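Some notes on the structure that comes next.
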Amino acid sequence: MIDPTPNEKAAMDNGGRMGGEYLESICKTDLAALTVAEWDCFVEAVVTGYCDHLRDLAARDRARLDSMTAEVPF
């Protein structure tokens, strides 16, 4: 990713945190030692954490922008 936005950086942090939580839950830190199923779950945790957080931030941004829009006077 070239020049990530602040929202993308926050989403990457969240995705990484979710991946880390998954690794802690299975008591493994060596990615090379993961089974195929564990690897799939790890990747799913990272991607889902990233996408969900980015979607939440976008919704917040949209709500903020919508609240700044002036109403048409007629």
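The values are calculated or read from the model by the stated rules, or taken from the named source; none is laboratory data. Note that the coordinates shown come from a computational prediction; the quantities given were computed from them, not determined experimentally. Neighbour counts are summed over all protein chains in view; Cβ atoms, including those assigned to glycine, are modelled from backbone coordinates with ideal geometry. Heavy atoms of the whole protein, side chains included, go into the accessibility calculation; ligands, DNA and RNA do not. Shrake-Rupley method; radii C 1.70, N 1.55, O 1.52, S 1.80 Å.
What the table below lists for this structure:
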| quantity | calculated |
| --- | --- |
| Point-to-point label distance, Lys9-Val43, nm (Cα→Cβ direction, 7 Å offset) | 2.8 |
| Normalised contact order of the chain, rounded percent, pairs of Cα under 8 Å and 6 or more residues apart | 43 |
| Peptides ranked, highest mean first, by Cβ atoms within 10 Å: ranges 40-52, 17-29 | 40-52, 17-29 |
| Helix-only CD estimate at 222 nm, as mean residue ellipticity for the chain, using -39500 (n - 2.57) per DSSP H run (n ≥ 4) | -25500 deg cm²/dmol |
| Fraction of accessible area attributable to carbon and sulfur, the chain (%, probe 1.4 Å) | 61 |
| Kirkwood hydrodynamic radius over Cα pairs of the chain, then Stokes diffusion coefficient at 10 °C and 1.306 mPa s, in µm²/s | 111 |
